[in-house]
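Novice: The structure is given below, and queries will be raised subsequently.
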């Protein structure tokens, strides 16, 4: 703690305190804000409102009947889970075309997302938004870790830091993602990601994977700063810059004549 | 002929300066090269003349040594007092194990205190007047060289090397061969011969097989759970990581996994470009070796939309719709396909082993 | 207040060496010293060692960083052996790290996780060990670069250059062995690739692999075998070679940068006792301290997060530690068509070239360089004064070209991380790096050589015209000059104390009877190489040139010194004593051998 005390007047300290405050407030809000108990059954009104939202925000790419166009795939049969994932993570509506839709600012609130999902679900049978009992992350961390290493780590990296795919596509970082969205991604296989249906990874398996990822988010760094959990590349970069830099700095000081 | 004959003329001390091939008429009596002006005058430090500055340095050095001692005490306190699961939040570093950080920082400061103090002492208080040490030519003088040669020749004479060639040759032979037993033992015993181990996998045998006969086809099992997979489980866009049934009952499961690991996907049949690939799969469900044909990493990065399979080690990219041919990267050969079918209970089984060796290339695979 | 004592010549200083009488053995120290000396006779050698002089320069500490890292590695490595279990035997984890509870793994991996979580302070030792390993090889390579670019490999230090290279190569293998020992997912993938490398060796590949692994990969033999190699075999060889390396440094005495008072026959610096005992000894603690601080604050190789090795698993971003990056990068760049079937056998040059052949080839070239350069220059003298890199433009440019090639391979090993962090296509990055591996080295060679030559010209300019003072002088007829201050003899010496090698002249190819001389072809090659090395060169300023620059009306001499093919230099009017008219070009003494000489 002497390290902290010594730096309490450092100019960066106030920034850090502010940041910390923001993070804590945000975290508390997320923890305490009222949540939907479960994806409630959709009413006809929801479907109707969802259709309006769809026509306003999605139809230009997915077609007025959601049958797909050259710009976007058909949404018939993708289910509510796909909508909840794509819209809930801000990937859709797409702000700018690119090799892949990226996590973005969420533009629709929970109600709108639900209505849109209800409309898309009404187009054809598809996976529904999962129940919270399988997305809360109360699974077996160790089992989840093993499943993660077999099924996910090759693209998303051992700690879910993300990884490169071909031609500019990439597997995104999985850090600090809501359990529901992790679940929905496995279930629906968005974009490049393959599908992990319930016969491949059972709902409990999926919750184990979520438990593992949440543990990665929450566990203390056992050995200090984790350098982004990217493996030897960031370690090598650290050794070649800060590490050897400090040592050479000491050597220069040692070789210079004292005043 | 000595190499020196071909040396370019050097503008060393005695020869006249050559300002580009005679364009300069003489050097005006100036030396050809500058003279070494000798050591510059010693510049005093503050501490050399000012006793107060010297005392300040003394205090700084002592202060650093005291810091070191305090840090050492801190290390001992941290070692015993801090619970190994307690955490601390540090700026930049984040939430970190408190014991680890405390030990690292106190150990670092304890060492740095000594090092910085000693160097500061040397820089500010020890004499910083440069000292000159003379070099001597490394080569021995001619007398010593001759002496060494004489010792050798006299020794040789006394041992009658020249007169007894038989001894010299047989000794040479014996010395030349003495490493053979040691080498033979090492090379011979380190490992078994590969035989056809690299060319076969667990898939080429059947469950309950005796003397190469009977038994039933191995099921495709989920990795890591070891449960069988129905054809209907493999929906479009799915990927299954697969091991052969019974792999954990083998003598060396890891060795078998290295070769038998398989990736299973379902493609739209219309997208499959190779007839063989269609025939060896079933309803668009195809199984390929998951072992890269480059250096053997598991090729697991399946892009559901492009049907590309990417190896995370060296980025070899395989096209799953075209018999897993290489479309980018350092690998040469396609991934071998595993011929699959459905058994009576609806589970996926392997009809036969791979038709060619899986994994990295090796000399004998031909 | 800083004051100066009068300047002394190098010779005068030597007298001081003998003035201090040997200390009279007083009290307990004297008694112990006397006891030891009467039984070993080491006082003489001890006195010699304690009076030994080391020159002060930060770049001379790079080797010391490596040396101290080695000591740290030996120390922490010994600690680690007390808890590490070098066995591939199967076990199920039951320690305190929750995410691995109940997972099947090898004993090697389980014990490494235990060191990290259940041995008090174990993780700090492990992380010091690993960080020290990375810094060890960084320091070795920087030390090697320093030695190369300053020409410290020249006679009499060729043997030490080769010992150093061998040490670097062993350090790479030692590092890889250590990286592989914990048997985590990342290192297991590395070993798997290493097996693939072995298999690519023509004829013997599969036999070598089965010998090394005691059968098929991974087997149970590799971990204990690597352990023996890592903690016994290689450390013993490294420490032995390192001792020879240091003894040779003692025998040769340290090189020094050119400067006033420094000659080929002396070494100027500070004595071992007390200055270097304190500085070098203190530096050990600084290196150890910084490594410990880093290890305390920055994670390295979080094997608990990788999970145990399973042949069916792999993580994105599977890379070796940085020092093996260049070989891994080469593998990523080499195209697949280099593998082919011929005579019923598989020739995997796409793997063999990068993983097996690259390292020996690079080290052979590096090892041969001192002998090649010595053959070309025909120089058989001892060299103890270092070259400033600019004063050996071709060598410096070749070195930079080699480094650029290495760097391309090195960065290629991180192409996937670059792709996600810079949002680029991994395919584009790979293709650009493939191209760079071919075109970058020649480009870097050319640019570096030009930079060296211009730096040399700037040095000449500085010597000839002195330092710009920023003081503008206006003459009676309205012309403006900037007054230049001539360099003092000490500063100047640093800039003129070098020899510029000249290209060889081609001797007659045949003697008077028209018979070709023996070895003429060899000689021609040597002449051609010498031309490549030394055709472009800048000579040091001579006193005559300086005098010419200072005297108006003697510009012919300068002009003559500035032969640059068909670009005759123009010279501005100079004030007597060194001043230059604003807006006129500088007078460079630029010598470039006319190409028609060859």
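Novice: Just to be sure I follow: if Rg is taken over the C-alpha atoms of region C:213-349 and Rh is the Kirkwood radius over the same atoms, what is Rg/Rh? Can you show the working numbers first?
Specialist: Working: Rg = 24.0 Å, Rh = 21.5 Å.
Here Rg/Rh amounts to 1.11.
Novice: Separate question: What FRET efficiency comes out for residue C:488 versus residue C:434 if R0 is 45 angstrom and r is the Cβ-Cβ distance? Round to the nearest 0.05.
Specialist: Numbers: r = 52 Å, r/R0 = 1.17.
Once the sixth-power term is evaluated, E becomes 0.30.
Novice: Using only helices, what value at 222 nm comes out for chain C when you add -39,500 (n - 2.57) per DSSP H run of length 4 or more and divide by the total residues, to the nearest 500 deg cm²/dmol?
Specialist: Values: 22 runs with 322 residues, N = 598.
The helix-only estimate for chain C comes to -17500 deg cm²/dmol at 222 nm.
Novice: How many nm separate the modelled label positions at residue B:157 and residue C:345, each set 7 Å beyond the Cα in the direction of the Cβ?
Specialist: Distance between label points: 5.4 nm.
Novice: Test of understanding: ordering B:213, A:114 by Cβ neighbours within 10 Å, fewest first, what list do you get? If you can, show how the numbers build up before the last one.
Specialist: On the way: B:213 7, A:114 24.
Placing the least packed residue first, the sequence is B:213, A:114.
Novice: Ranked highest first by average number of other Cβ atoms within 10 Å, how do B:195-205, A:84-94, C:293-303 line up?
Specialist: On the way: B:195-205: 18.2, A:84-94: 22.2, C:293-303: 24.5.
The most tightly packed comes first, giving C:293-303, A:84-94, B:195-205.
Novice: What is the pair-distance distribution P(r) of region C:158-214, computed from all Cα-Cα distances in 10 Å bins starting at 0, with each bin given as a whole percent?
Specialist: Calculated over all Cα pairs of region C:158-214, the distribution is 22, 37, 30, 11, 0 percent.
Novice: Would you calculate the convex hull of the Cα atoms in region A:42-129 and tell me its volume per residue in Å³?
Specialist: On the way: hull volume 7.3 nm³, N = 88.
That works out to 83 Å³ per residue.
Novice: Cut-off is 10 Å between beta-carbons; in what order do C:418, B:69, C:324 appear when sorted fewest neighbours first?
Specialist: On the way: C:418 18, B:69 12, C:324 25.
Ascending Cβ contact count within 10 Å gives the list B:69, C:418, C:324.
Novice: Ratio of alpha-carbon Rg to the 2.2 N^0.38 Å globular estimate for the protein assembly as shown, to two decimals, please.
Specialist: Details: Rg = 36.2 Å, N = 1223, 2.2 N^0.38 = 32.8 Å.
The reported ratio for this selection is 1.10.
Novice: Another question, then. If a/c stays under 1.5 just call it rounded; otherwise compare a/b with b/c (prolate if a/b is bigger, oblate if not). Do that for chain B, with a ≥ b ≥ c from the square roots of the Cα gyration tensor eigenvalues. It would help to have the intermediate numbers written out before the result.
Specialist: Values: a/c = 2.32, a/b = 1.62, b/c = 1.44.
Prolate, since a/c reaches 1.5 and a/b exceeds b/c.
Novice: Compute the projected area of the convex hull of the Cα atoms of region A:130-219, averaged over all viewing directions, and report it in nm² to one decimal place. Write down the numbers at each step before the final one.
Specialist: Values: hull surface 20.6 nm².
With the hull built on Cα positions only, its mean projection is 5.1 nm².
Novice: Tell me the label-point distance for the pair residue C:241, residue A:253, using the 7 Å Cα-to-Cβ offset, in nm and rounded to one decimal.
Specialist: About 3.3 nm separates the two model spin labels.
Novice: Can you put C:384, C:254, C:130 in order, fewest other beta carbons within 10 Å first?
Specialist: Working: C:384 22, C:254 18, C:130 27.
Ordered from fewest to most neighbouring Cβ atoms within 10 Å, C:384, C:254, C:130 come out as C:254, C:384, C:130.
Novice: For chain C, what relative contact order do you get, as a whole percent, if you take Cα pairs closer than 8 Å and at least 6 residues apart? Intermediate values should be presented prior to the final figure.
Specialist: On the way: 791 pairs, mean separation 81.7, N = 598.
The value is 14 percent.
Novice: Let me ask something else about it. List the relative contact order of chain B as a percent without decimals, with contacts defined as Cα pairs under 8 Å and 6+ residues apart.
Specialist: Worked out over chain B, it gives 10 percent.
Novice: Still on this structure: What share of all Cα pairs of chain C, in percent, falls into each consecutive 10 Å distance bin?
Specialist: Pair shares across the bins are 3, 12, 19, 21, 18, 14, 8, 3, 1, 0.
Novice: In addition: Report, in whole Å, the centroid distance computed from the Cα atoms of region B:246-262 and region A:200-256.
Specialist: So the separation of the two Cα centres works out to 33 Å.
Novice: I've got another one for you. Counting pairs of alpha carbon atoms under 8 Å apart in space and at least six apart in sequence, what relative contact order in percent does region B:46-124 give? Intermediate results must be reported in sequence, preceding the final value.
Specialist: Details: 83 pairs, mean separation 31.3, N = 79.
Computed value for region B:46-124: 40 percent relative contact order.
Novice: Return the calculated 222 nm mean residue ellipticity for chain B, to the nearest 500 deg cm²/dmol, obtained by summing -39500 (n - 2.57) across DSSP H runs with n ≥ 4 and dividing by the residue count.
Specialist: Computed mean residue ellipticity for chain B: -10500 deg cm²/dmol.
Novice: Here's something else I'd like to know. Please compute, for peptide B:234-240, the average count of beta-carbon atoms on other protein chains lying within 10 Å of each residue's beta-carbon. Before the final figure, lay out each step's value.
Specialist: Details: counts 4, 6, 4, 7, 7, 7, 7.
Taking the mean over all residues of the peptide, I get 6.
Novice: Report, as an integer, the average count of C-beta atoms from other chains found within 10 Å of each Cβ along C:448-454.
Specialist: Numbers: counts 0, 0, 0, 0, 0, 0, 0.
Taking all residues of C:448-454 together, the mean is 0.
Novice: Compute the semi-axes of the equivalent ellipsoid of region B:46-124, taking the square root of 5 times each eigenvalue of the Cα gyration tensor, and list them largest first in whole Å. Display every interim value, and only then the final one.
Specialist: On the way: eigenvalues 235, 30, 14 Å².
Listed largest to smallest, the semi-axes of region B:46-124 are 34, 12, 8 Å.
Novice: Now a separate question. Kindly state, to the nearest 0.05, the FRET efficiency for residue B:166 paired with residue C:90, given R0 = 60 Å and r defined as their beta-carbon distance.
Specialist: On the way: r = 59 Å, r/R0 = 0.99.
With a Förster radius of 60 Å, E is 0.50.
Novice: What is the Rg over Rh value, at two decimals, for region B:176-236, using alpha-carbon atoms and the Kirkwood definition of Rh?
Specialist: Here Rg/Rh amounts to 1.32.
Novice: Something else about it: Separation between the residue C:264 and residue B:249 pseudo-spin-labels, each 7 Å from Cα along Cα→Cβ, expressed in nm?
Specialist: 8.1 nm
Novice: Also: Averaged across orientations, what area in nm² does the convex hull of the alpha carbons in region C:351-469 project? Could you put the intermediate results ahead of the total?
Specialist: Details: hull surface 47.0 nm².
Mean orientational projected area (region C:351-469, Cα hull): 11.8 nm².
Novice: Residues of C:210-221, mean number of Cβ from any other protein chain within 10 Å of their own Cβ, rounded to a whole number?
Specialist: Numbers: counts 8, 9, 2, 3, 4, 8, 11, 9, 5, 5, 3, 2.
Counting other chains' Cβ atoms within 10 Å and averaging over C:210-221 gives 6.
Novice: How big is the gap, in Å, between the Cα center of region A:72-112 and the Cα center of region B:95-119?
Specialist: What the calculation gives is 49 Å, centre to centre.
Taken together, the values in this text are just the output of simple stated rules run on the coordinates, not laboratory data. All values reported here derive from a predicted model rather than from experimental measurement. Cβ coordinates were reconstructed from backbone atoms using ideal geometry, including for glycine residues, and neighbour counts include every protein chain displayed.
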